[in-house]
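Report on the following structure.
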Amino acid sequence: MMKKGLLLLVIAVLGVACGSSGSDTPSTPDDTFDRGKILTNVADNLVIPAFTNVQTKLSTLKSKATAFTTTATSASLNEARTAWLDAYKAWQHVAMFNIGKAEDLEFVNFMNIFPVTKADIDANIASGTYDFNSSNNHDAQGFPALDYLFYGVGANDTEILAKYTTDAKAANYKKYVNDVISKMIEVNDAVLNNWKGSYRDTFVKSTGNTATSAFNKLVNDYVFYYEKRLRAVKVGIPAGNFSSTPLPEKVEAFYRKDVSKALALEALKAVKNLFNGTHFSGSTSGDSFKSYLEALDKGSLVGLINGQFDIAKTQLESLNDNFYWQVTNDNTKMTKAYDELQKAVVLLKVDMLQAFKVTVDYVDADGD
């Protein structure tokens, strides 16, 4: 009877523990590190400056696109293309911050869902009417749509320019370019204004160890972005790590093609900067996941994570600028880059989260 009673007691205790693990009751971590310092550094020196930079780059893109759609020439097209790539690189530094207004708006849906569905864009242009808020158009807008509109609507620049000059739907093509950019500006401005408004203070004060605290959500969003958006979407899916055959047509910037590596490297740089608390200006650094781990006597883990980021960077740098070419001609190097990116997933998702006592809040469905 005593053993049976003890067993029941243990089960009861385990039941309470398991039941409380998903609770959102406010609590604080059992260490003395001030998580608010990390959130302050992230908000003031990474998030707000990075979204401000996107705002600036999108403003330039709008100006260049307006000039191109007013007078479509080779020169104005190339200037619009340059502004597009500058803004696309800037986007890589905010893509992981899916929190606050960005989460409410699901901002990635308006900015970088790729590959685009060419048929949807063509249909929208043909009809002249479309709703970018519709889920049906998530794959018909943002940077990938501009990639198609600037590089993919013709076999060469002569054919592309014809779409904006002599084509029967030239006016619709021009309008679509400007409408896509206007929507991107609208979404980015909404997110940035929210950060500059009340959300910044709400964010930096939300340090509790709960499922909805800003710190826990930031950590989870960070790991999710690295694992799913960078490792899987930019590299693993085109390389065929999640399918029976490679899928080169799913690379980022498919129509421009020769900037897919540059975008992946920019994303990895952004990931490493956040881990180390490196200011967006790049001039200094502040409190971060790195300094938190060091305070928890996990300096060796910091070394492993930064070391693996560097190894992954080196492997990415060894690839062709054009990931479509890389997958099609020498996919072994592409899968190796995926493998090196993957090695950091365990360090972040298991070791770092356990050190912070943060529970993963997303479902892992890709078997890794």
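Set side by side, the residues 124, 137 differ, and just one is surrounded by 14 or more Cβ atoms within 10 Å (Cβ to Cβ), of a type outside the set (Val, Ile, Thr), farther than 19 Å from residue 91 by Cα and without any contact (Cβ under 8 Å) to a residue 24 or more places away in the chain, which is 137. Hey, any hits in segment 166-184 for a residue that's more than 25 Å from residue 133 (Cα to Cα) and surrounded by 20 or more Cβ atoms within 10 Å (Cβ to Cβ)? No - not one qualifying residue is present in segment 166-184.
Condition test on residue 234, is it closer than 30 Å to residue 153 by Cα, basic (Lys, Arg) and touching a Phe, Trp or Tyr at 6+ places or on another chain (Cβ under 6 Å)? In short, no.
Considering only residues that are among the hydrophobic types (A, V, I, L, M, F, W, C) and within 16 Å of the chain's Cα centre (by Cα), which ones fall in segment 77-96?
Result: 85, 87, 90, 91, 94, 95, 96.
Of the candidates 232, 211, the single residue that is closer than 21 Å to residue 351 by Cα and modelled with pLDDT under 95 is 211. Quick one: which residue in 161, 149 is surrounded by 17 or more Cβ atoms within 10 Å (Cβ to Cβ) and farther than 27 Å from residue 235 by Cα? Sole residue among the options that is surrounded by 17 or more Cβ atoms within 10 Å (Cβ to Cβ) and farther than 27 Å from residue 235 by Cα: 161. If the condition is being touching a residue at least 24 places away in the same chain (Cβ under 8 Å), farther than 19 Å from residue 139 by Cβ, aliphatic (A, V, I, L, M) and in a helix (DSSP H, G or I), then segment 171-219 contributes 185, 190, 191, 192, 204, 214, 218, 219.
Selection within segment 101-112: residues that are in a loop (DSSP other than H, G, I, E, B) and crowded, with 19+ Cβ neighbours inside 10 Å. The member of this set that is nearest to the chain's Cα centre (by Cα) is 112.
Restricting attention to segment 34-84, the residues that are of a type in the set (Phe, Trp, Tyr) and more than 20 Å from residue 112 (Cα to Cα) add up to 1.
Only a single item in (1) farther than 13 Å from residue 72 by Cβ; (2) buried (at least 16 other Cβ atoms within 10 Å of the Cβ); (3) β-branched (Val, Ile, Thr) is not met by residue 129, and it is number (2).
Within segment 187-206, the residues that satisfy the criterion of being of a type outside the set (Gly, Ala, Ser) and surrounded by fewer than 20 Cβ atoms within 10 Å (Cβ to Cβ) are 189, 193, 194, 196, 199, 200, 201, 202, 205.
The values are calculated or read from the model by the stated rules, or taken from the named source; none is laboratory data. A quick note: this is a predicted structure, and the numbers were derived from the prediction, not measured. No Cβ is skipped: glycine too gets one built from the backbone with ideal geometry, and neighbour counts run over all protein chains shown.
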